[in-house]
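Written below as structure tokens is the structure these notes are about.
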Amino acid sequence: MSTYLAFGIGLHNLGEGLAVGSAFAVGEAALGSLLVIGFTLHNVTEGIGIAAAMVGFRPKFPTFLALTALAGLPAVLGTWIGAFTFSPHWAALFLGIGAGAILQVIVEVGSYLMRTAQKSGGTWLSRISLIGFGVGLVIMYGTALLVSV
């Protein structure tokens, strides 16, 4: 299960890497830097998901190293590909793939919230969800203001 998760996350991270590399290739270092920070923060939770599938087993260190490489190295490859393609058309495509990777996370987290709320008899649009969404928006627009200044 961990291998399948790492492979899927690796494909997802390839798209993120393409977006980061393309941002730097078109001269948007601020955007590229913010993408790196954002992707790093949410990739921490992906690593936890890979490790959680191995609860109850005693994997050796090389297993963890291989799963880390399977999940993480596609992001590096994507960054190289995105950074070394100097065509605006490729940059637009790669940034679109990165946006699709972000949309995938939004859809998956949203559906998880709805399933969890349905099981507990509540609504997915809870106070804590709205607060988290609001804080996320404030951080997103706040950092955009700092970068544009």
Legend entry - Qualifying positions in segment 1-43 - part of a helix (DSSP H, G or I) and open to solvent by 60 Å² or more (accessible area, probe 1.4 Å): Thr3, Tyr4, Leu5, Phe7, Leu11, Phe24, Leu31, Leu34, Val36, Ile37, Thr40, Leu41
Inset, instruction - Could you check, for segment 106-113, whether at least one of its residues is out of contact with any Lys or Arg (no Cβ under 8 Å at 6 or more places or on another chain), of a type outside the set (D, E, K, R), free of Cβ contacts under 8 Å to residues at least 12 places away in the same chain and farther than 23 Å from Val20 by Cβ? - result: yes
Legend entry - Filtered residue count, segment 111-128, keeping only those that are open to solvent by less than 80 Å² (accessible area, probe 1.4 Å) and either at pLDDT 80 or above or touching a helix residue (DSSP H, G or I) at 6+ places or on another chain (Cβ under 6 Å) (or both): 4
Inset, instruction - Output the number of the condition that Asn43 fails; it satisfies all remaining conditions of (1) within 28 Å of Leu125 (Cα to Cα); (2) free of Cβ contacts under 8 Å to residues at least 24 places away in the same chain. - result: (2)
Legend entry - Check on Ala52, free of Cβ contacts under 8 Å to residues at least 12 places away in the same chain, exposed (fewer than 14 other Cβ atoms within 10 Å of the Cβ) and within 13 Å of Asn13 (Cβ to Cβ): no
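The values are calculated or read from the model by the stated rules, or taken from the named source; none is laboratory data. Since the model is a prediction, treat every value here as computed from it, not as a measurement. When we count neighbours, we look across all protein chains shown, and the Cβ atoms used for this are built from the backbone with ideal geometry, even at glycine. The protein model used for the area step is the full one, side chains on, heavy atoms only, and it has no ligands, DNA or RNA in it. Shrake-Rupley method; radii C 1.70, N 1.55, O 1.52, S 1.80 Å.
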